[in-house]
Amino acid sequence: MNLIDGFLQSALTSPDRPALDVGSHTLSYADVLGGAKKGAYAIQHLARNTHFCVGILSHRSKNAYLSILATLLSGQTYMPLNPKFPASRLAKIIELSGCSCIMVGSECETALRDILALVEKPLKVITLDFDYQPNDGEKDSGAEYITLTTLDSETTSDLAPITTKPMDLAYLLFTSGSTGSPKGVAVSQANVHAYLQYLTRHFEFSKEDRFSQSFDLSFDLSVHDMFVCWSVGGCLCVLPESAVMAPAKFIKDKAISVWFSVPSVAMFMSKFRTLKPNSLPNLRLSLFCGEAFSQHLAQAWQEAAPNSLLYNFYGPTETTIAITQYLWNSRSSPPICLNGVVPIGHIFPSHECAIVDDSLSAVDVGQSGQLMLSGPQITPGYLNDPGRTRAAFVKLPGDSSDRIWYGTGDLAKIDSSGCLFYLGRKDDQIQILGYRAELQEIDLALRIASGSEMAVAVAWPIDGGQAQGVVGFVCGSQSDAADIISRCGKTLPQYMVPREVYFIEALPLNSNGKVDRKALQAKLQQSKLRE
């Protein structure tokens, strides 16, 4: 059992069919497999019969996809390293993961140099299309380098067979953590196999399908794009960065038949007036996930893509990509939407859900509570973090089985038919354009940047119920707002960096003595109304 098995079967049966359309490149399954084999040989040479995690430092480029497949083909675990993130954050992820090998293309050479300057341990570095040479004066951490362009393709005949087991890790993703330290979500081969097995059986995908790929590789929804596509022999069409939030022309030019994105994409298209009725007639399946999906946007997308089935998916990273689904119906769905938000629907077969109160006891049908999830897609926990794992992966009172339940921190309710409705967050975690972010992590960055202990972040602006960014509030500091924002940008990913910083005399508190973020959002709304 290995995540790459479906790709290998497609490469065997349809070697000449297109597998990857990215930038100016269109590669067949045979082309992609050939490139992946060279990378896999280099990884196995460096691994020397040990198991390790391979960091993939790359944008959504040809190099990135060859690196991911090479890692899986070598029997190792892949871990995306988003070059948009600050080097200090990537160095921290490398430290926390125990990653000892990085694959990188020439487009990320500068990012590689920045990381190597911060990482203390010697790394094994595989460069795909350039020969890396340390500059004069750069720190030499004893890294070991292999350049793929120097390898003879015939060496791939020495590739050792894949020997992964179901509980071996397929990939490792780091999400925002409330303590200021990223959390490593370890996803096993068995977890992702359960997801792919259901999706490829439930939906009638075919090798004629052309799949979109709009997610950054550090976002787990990208796993769906790649491996659902390659499991059925389809072609993965990668959106250039400039088209991610304005994809209408790309969808038409590339004849996309299966679309997957966060709902914010539909929101931007609506704002730019490119989501017009019947403007996307060739789409046959449209999937959305990653944040609350507004009823208005769902209806607008359905009108734009009248020949497409439209699904709203839901699933935290800890539950492997997605775990519930709701099929939109233009007539019957609008009346049941709560607060203008599309239901998250029914849980996948072979999985279970429960709505519980603060004591983890089940609440009545129709009552709100925390959503708990159990089943084969539930991941083993957080990497090297037993405390966080014990807190989030629990047993429920009265459950006599050995099942482990994941506490999502999401508030939800369920109706008598088993349909789930998302009601918001139980804690201070938010979604920004589909990315999960802990407000407490941003708070910490603001406190450090401003030198004030009284500094908090709130989601703002809110458009259609979705956070488009964050702003900061700081007490007792005379710092320059632009300087605080700049300092935050050195430790936080761009989507988490406050857009603005406001200085106030005191932070409002709620009845529990906690900072009242909703009151701060109300101040922002009042200011907006006065403009």
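The values are calculated or read from the model by the stated rules, or taken from the named source; none is laboratory data. This structure is a prediction, so every number in the text was calculated from the model and none was measured. When we count neighbours, we look across all protein chains shown, and the Cβ atoms used for this are built from the backbone with ideal geometry, even at glycine.
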Looking at segment 298-322, which of its residues are acidic (Asp, Glu) and farther than 17 Å from Ile430 by Cα?
Glu303
Which of the residues spanning segment 183-237 are over 16 Å from Leu172 (Cβ atoms) and either polar (S, T, N, Q) or part of a strand (DSSP E or B) (or both)?
Gln197, Thr200, Ser206, Arg210, Phe211, Ser212, Gln213, Ser214, Ser231, Cys235, Leu236, Cys237
Tell me, please, whether a residue that is of a type in the set (Val, Ile, Thr), surrounded by fewer than 16 Cβ atoms within 10 Å (Cβ to Cβ) and under 28 Å from the mean Cα position of the chain (by Cα) can be found in segment 469-485.
no
It is to be established whether one or more residues within segment 301-311 are at pLDDT 95 or above and under 19 Å from the mean Cα position of the chain (by Cα).
yes
Testing Ala354 on (1) in a strand (DSSP E or B); (2) within 23 Å of Arg210 (Cα to Cα), one condition comes back false. Which one is that?
(2)
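Do you know which residues across segment 429-457 are closer than 18 Å to Gly409 by Cβ and of a type in the set (Val, Ile, Thr)? Let's see the steps before the verdict.
We begin by selecting, within segment 429-457, every residue closer than 18 Å to Gly409 by Cβ; these are 429-432, 434-443, 457.
Answer for segment 429-457, where residues must be closer than 18 Å to Gly409 by Cβ and of a type in the set (Val, Ile, Thr): Ile430, Ile432, Ile442.
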Given the structure, is Leu116 touching a residue at least 24 places away in the same chain (Cβ under 8 Å) and closer than 22 Å to Trp230 by Cα?
no
Out of all the residues in segment 1-38, which are surrounded by fewer than 17 Cβ atoms within 10 Å (Cβ to Cβ) and assigned to a helix (DSSP H, G or I)?
Gln9, Leu12, Thr13, Ala30, Gly34
Members of segment 10-27 found to be touching a residue at least 40 places away in the same chain (Cβ under 8 Å) and not β-branched (Val, Ile, Thr), listed by number:
Ser10, Ser14, Arg17, Pro18, Ala19, Leu20, Asp21, Gly23
